[in-house]
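Asker: Below are the structure tokens for one structure; questions will follow.
Just so it is clear, none of the values below were taken in a lab; they were calculated from the coordinates. Predicted model only: the values in this text are computed from it and were never measured. Cβ atoms come from the backbone with ideal geometry, glycine included; neighbour counts cover every protein chain shown.
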Ligand code: P6P
């Protein structure tokens, strides 16, 4: 039995849930192979279309979405697929007990410059439909296509990390990720400062002031511009990721999507002892109203997320 199959059997008695995760892991392994050859195959360019988000689609966005569709269509336990690349939810198996929400290739604008991108997925119970709070997720995960290909997944217990080996097998490389409670590293796109609210500005300025200010310690800043890359760094060594509500994104509710970016990442962070927030409430408690709903995202080291929430409480 492979590492992933053995891990799944220890995490859940529900073979159908395990099967859905194996389907997404299979899609990730196939996408990894496509991405590694894409520059040679001439697949890194634009697709000439835009998705429901109004973003220019890359050929690889569509290819990755098709790969996920193909793997999930072979699984009778998936009732609905919600994808960033599809305007409407897709009806899959009428007997399916689970809904999958996915960003098939997050950060694809980084593909042309060979930066880590990823596939993010959330698994929900079918009974409640796609618009359920993240708190009720059955599982969540992402595949990070980087120097190594990593699968990070959580059902209800630990958040674990697998690495794809040369034979296409997911090998367990970290059984229980633990996000350090404290951190000295923040991730935010600082070019957006002119749009920030007082809380974000206050938090970032206090962090930049480092040991000379109220934070009383030195900070470093990292921003890859690929959520999976930034989140994986934070999961592995601590940090805080911020894509907060700002004056430019406020009309849309934020930048990042709730069902297939914020909720799965929040679920994984929680499983590793981290926290997630919109600034004013736990992301996992947000009640969705639309499948492509956006939400402010602040997540990572628990103590640091609380610091940001303190800035929001100051008003
Ligand atoms: P910005 C990629 O397009 C993405 O959705 C996330 O992966 C990433 O964290 C964010 O947008 C980057 O946004 O405004 O820095 O380009």
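Asker: Send over the semi-axes of segment 4-174's equivalent ellipsoid, whole angstrom and largest first, taken as the square roots of 5 times the C-alpha gyration tensor eigenvalues.
Answerer: Semi-axis lengths for segment 4-174 are 25, 20, 13 Å.
Asker: Follow-up question, since we're still on this one. Per residue of the chain, what 222 nm ellipticity follows from adding -39500 (n - 2.57) for every DSSP H run with n ≥ 4, rounded to the nearest 500?
Answerer: When only DSSP H runs of four or more count, the value is -10000 deg cm²/dmol.
Asker: Can you tell me, using C-alpha contacts under 8 Å and at least 6 residues apart, the relative contact order of the chain as a whole percent?
Answerer: Worked out over the chain, it gives 16 percent.
Asker: Now for a different question. Starting from the Cα of residue 252, move 7 Å in the Cα-to-Cβ direction to define the label point; list residues of segment 35-62 whose amide nitrogen is under 11 Å from there.
Answerer: Zone members listed by number: 51-56.
Asker: To test your reading of the geometry: what angle, between 0 and 90 degrees and rounded to tens, separates the Cα axis of helix 198-209 from the longest principal axis of the chain?
Answerer: The angle comes out at about 80 degrees.
Asker: Would you mind ranking 312, 142 by Cβ crowding within 10 Å, fewest neighbours first?
Answerer: Fewest-to-most ranking of 312, 142: 312, 142.
Asker: A further question on this structure: Please give the residues of segment 171-212, grouped as numeric ranges, whose backbone N is less than 17 Å from a label point set 7 Å along the Cα-to-Cβ vector of residue 10.
Answerer: Within reach of a label on residue 10: 171-178.
Asker: Against the empirical 2.2 N^0.38 Å scaling, what ratio does the C-alpha Rg of the chain come to?
Answerer: 0.96
Asker: Residues of segment 1-36 with the amide nitrogen closer than 13 Å to a label point 7 Å from the Cα of residue 171, along Cα-to-Cβ, please.
Answerer: Once the point is set 7 Å along Cα→Cβ of residue 171, 3-4 turn out to lie under 13 Å by backbone N, inside segment 1-36.
Asker: With N set to the residue count of segment 243-315, report its C-alpha Rg divided by 2.2 N^0.38 Å to two decimal places.
Answerer: Ratio of Cα Rg to 2.2 N^0.38 Å: 1.04.
Asker: Relative to the longest principal axis of the chain, what angle (0 to 90°, nearest 10) does the C-alpha long axis of helix 227-237 take?
Answerer: On a 0 to 90 degree scale, this one is about 70.
Asker: Okay, next question. Which ordering of 313, 135 is given by a fewest-first count of other beta-carbon atoms within 10 Å? Write out the running numbers ahead of the final one.
Answerer: On the way: 313 10, 135 15.
The order, fewest Cβ neighbours first, is 313, 135.
Asker: Turning to a different aspect of this structure: What whole-number distance in Å separates the alpha-carbon centres of segment 1-26 and segment 128-168?
Answerer: 11
Asker: Using only the alpha-carbon atoms of segment 185-314 as identical scatterers, what base-10 log of I(q)/I(0) does the Debye formula give at q = 0.14, 0.16, 0.17, 0.18 Å⁻¹?
Answerer: Relative scattering, expressed as log10 I(q)/I(0), comes to -0.55, -0.74, -0.84, -0.95.
Asker: Counting pairs of alpha carbon atoms under 8 Å apart in space and at least six apart in sequence, what relative contact order in percent does segment 1-136 give?
Answerer: 18
Asker: So how far apart, in nm, are the two label points at residue 218 and residue 198 if each is 7 Å from Cα heading toward Cβ?
Answerer: The two pseudo-label positions are separated by 3.2 nm.
Asker: Given Cα pairs under 8 Å that are at least 6 residues apart, what percent is the relative contact order of segment 185-314?
Answerer: Reported relative contact order: 28 percent.
Asker: In terms of the Cα gyration tensor, with a ≥ b ≥ c the square roots of its eigenvalues, is segment 90-140 rounded because a/c is under 1.5, prolate because a/b exceeds b/c, or oblate?
Answerer: The shape class here is prolate.
Asker: Same structure again: Run the numbers for residue 163 and residue 70: contour at 0.36 nm per residue of separation, minus the present Cα-Cα distance, in nm.
Answerer: Length difference between fully extended and current span is 31.2 nm.
Asker: Report, in degrees rounded to the nearest 10, the 0 to 90 angle that the Cα long axis of helix 302-314 makes with the longest principal axis of the chain.
Answerer: Roughly 50 degrees between the two axes.
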